[in-house]
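Comments concern the structure below.
The values are calculated or read from the model by the stated rules, or taken from the named source; none is laboratory data. Since we're looking at a predicted model, the values are computed, not measured. A quick note on method: Cβ atoms are made from the backbone with ideal geometry, for glycine too, and the neighbour counts reach across all protein chains shown. Surface areas here come from the heavy atoms of the whole protein model, side chains and all, with no ligands, DNA or RNA. Shrake-Rupley method; radii C 1.70, N 1.55, O 1.52, S 1.80 Å.
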Amino acid sequence: MSVDKPIKLAVIGRGLIGSAAARHLSKMGHDVALIGPDEPADFARHGGVFGSHYDEGRITRRYDPQAFWRQMNRAAIARYDEIAAESGVEFYREAGALHIGHRETTDVASVGEVCRDEGITCEAYQDAGLAERFPYLKSTTGMLGYFEPRDAGYISPRRLVRAQTIAAERAGARIINEPALGISESASGVTIRTAAGNVEAARVLVAAGGHTQSLLGRSLGFTVYGRTVALFRLSAAEVQRLAGMPSMRCLGPKGDNPYILPPIPYPDGQTWLKLGGDPVDRALESEADIKDWFRSGGSVDMADRLQTQILDRIRDLNFEERRVVPCMTTFGASGLPSIGPLSERVTVAFGCYGKSAKCSDELGRLGGMALLGEVRTELAP
Ligand SMILES: Cc1cc2nc3c(=O)[nH]c(=O)nc-3n(C[C@H](O)[C@H](O)[C@H](O)COP(=O)(O)OP(=O)(O)OC[C@H]3O[C@@H](n4cnc5c(N)ncnc54)[C@H](O)[C@@H]3O)c2cc1C
């Protein structure tokens, strides 16, 4: 699928969406510079930018209540094997995904309806049937669960960024391991300033996650929220007891609707069970707020509440250590990401709603296409 006239393109943000865009554009034959720093080694001492993919577990599934996101999920999941093959990096485990809630007080039944209408394979369980299928659940009385056994489970966002970056590089992209310090646009091109020198390009795609609006120096109507994740280190026996656990979405009122990842091996050689789902939103209003939030290490109060929630849901959970980790998400009013041009040479791709890891390859592809002039109007900023 190579192009006749390669264009000199830059992508700012070596996160999930930016690295995906760089892979797609490089494979099309364009001359791509992918600009963005590695994960900070020490959050507390880091003076630069942060990202939302510094982890080993993000839920993946085909189901979403909105048609747009279902389309994104389906397209991206269909390319997981391709990305792994092009990079040699595995990042996906098909552990399945369970959507679970009280029959009477949540709209969990709608998950089953959507899956049926959309041809998403899913199995229904309730009460004793749920307890039998997922024996580590603490309480199943009055509960209904829909389990997606295929094209669902979790991905490692860290490994996916690595895979996309390697695949982009193999397709010819140049990786610049630096933050962009500024963008200036002229009649002839764009100049991206970095500490390692300027990068000149004909066009630039800005996919800098929660930092996108501050880098551009303007609001696109999105709010950045601080998020806290709690991780629980498990013994070998506990890992064995929970073997076969899927990713879980617990439906309920805000504050009592956590998402839970199954036990996952982390780079420290230990296995951790993770959950999140902040009961309270914390808006990060500025670049300084974002940096302060990450440096703070997250909210211990929020982690305490998450701990109560996991103990309420997993029977006899026994953990050896708890860790608290900060993250951030971006939300807009439309429920859709912002992917489209801001000017002749500057295009944006961001707006994650806390659910864009699984489908980042398709969002990145759409960002790349928008940079080349093919824009989906409903996503245009
Ligand atoms: C706690 C938490 C749990 C989540 N769980 C899920 C889940 O279960 N399933 C799911 O699908 N999604 C989940 N998400 C969402 C997912 O992680 C995000 O949607 C995804 O990371 C967004 O990708 P992105 O490329 O927009 O941003 P990021 O992945 O944050 O990438 C942005 C990149 O831009 C870089 N950058 C910033 N400023 C600059 C600059 N000036 N110059 C150069 N580079 C810059 C950063 O370093 C970063 O690498 C979760 C998010 C959080 C916070």
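For the residues R162, R150, the requirement of being of a type in the set (D, E, K, R), within 21 Å of the chain's Cα centre (by Cα) and in a loop (DSSP other than H, G, I, E, B) singles out R150. Of the strands (runs of 3 or more DSSP E) contained entirely in the range 290-381, those carrying at least 3 residues that are in contact with a helix residue (DSSP H, G or I) (Cβ under 9 Å, 6 or more places away or on another chain), over 17 Å from A76 (Cα atoms) and assigned by TED's automatic domain parsing to the domain that holds A230 fall at 321-331. Identify all residues within the range 242-267 that are in contact with a strand residue (DSSP E or B) (Cβ under 9 Å, 6 or more places away or on another chain) and more than 14 Å from the ligand (Cβ to nearest atom); write none if there are none. L242, A243, G244, M245, L251, G252, D256, P263, P265, Y266, listed by residue number.
For the range 73-121, the set of residues classified as of a type in the set (D, E) and free of Cβ contacts under 8 Å to residues at least 24 places away in the same chain consists of D81, E82, E113, D117, listed by residue number.
Residue-wise test of (1) more than 16 Å from the chain's Cα centre (by Cα); (2) closer than 27 Å to V229 by Cα; (3) open to solvent by less than 10 Å² (accessible area, probe 1.4 Å).
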| position | (1), (2), (3) |
| --- | --- |
| R61 | no, yes, no |
| R74 | no, yes, no |
| I77 | no, yes, no |
| C115 | yes, no, yes |
| I120 | yes, no, no |
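The set of residues in the range 172-193 being more than 8 Å from the ligand (Cβ to nearest atom) and either under 30 Å from V280 (Cβ atoms) or open to solvent by less than 40 Å² (accessible area, probe 1.4 Å) (or both) consists of A173, I176, G182, G189, V190, T191, I192.
The condition of being within 14 Å of the ligand (Cβ to nearest atom), surrounded by 18 or more Cβ atoms within 10 Å (Cβ to Cβ) and in the same structural domain as G182 (by TED's automatic domain parsing) holds for only one of H99, H24, H46, that being H24.
Among the residues of the range 27-43, just one is of a type in the set (G, A, S), open to solvent by 10 Å² or more (accessible area, probe 1.4 Å) and within 14 Å of the ligand (Cβ to nearest atom), namely A41. Being within 9 Å of the ligand (Cβ to nearest atom), open to solvent by 10 Å² or more (accessible area, probe 1.4 Å) and within 30 Å of S286 (Cα to Cα): is that true of H53 here? So H53 passes the test.
Yes or no, residue by residue, for (1) open to solvent by 30 Å² or more (accessible area, probe 1.4 Å); (2) closer than 18 Å to F331 by Cβ:
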site: R203; (1), (2): yes, no
site: L234; (1), (2): no, no
site: L242; (1), (2): no, no
site: P267; (1), (2): yes, no
site: A283; (1), (2): yes, yes
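Quick check: anything in the range 348-367 among the small types (G, A, S), touching a Leu at 6+ places or on another chain (Cβ under 8 Å) and more than 14 Å from the ligand (Cβ to nearest atom)? Taking every residue of the range 348-367 in turn, none turns out to be among the small types (G, A, S), touching a Leu at 6+ places or on another chain (Cβ under 8 Å) and more than 14 Å from the ligand (Cβ to nearest atom).
Evaluating G209 against the criteria (1) near the ligand (Cβ under 8 Å from one of its atoms); (2) assigned by TED's automatic domain parsing to the domain that holds G277; (3) crowded, with 23+ Cβ neighbours inside 10 Å leaves one unmet condition, (2). Apart from one condition, G297 fits all of (1) touching a strand residue (DSSP E or B) at 6+ places or on another chain (Cβ under 7 Å); (2) buried (at least 16 other Cβ atoms within 10 Å of the Cβ); (3) among the small types (G, A, S); the exception is (2).
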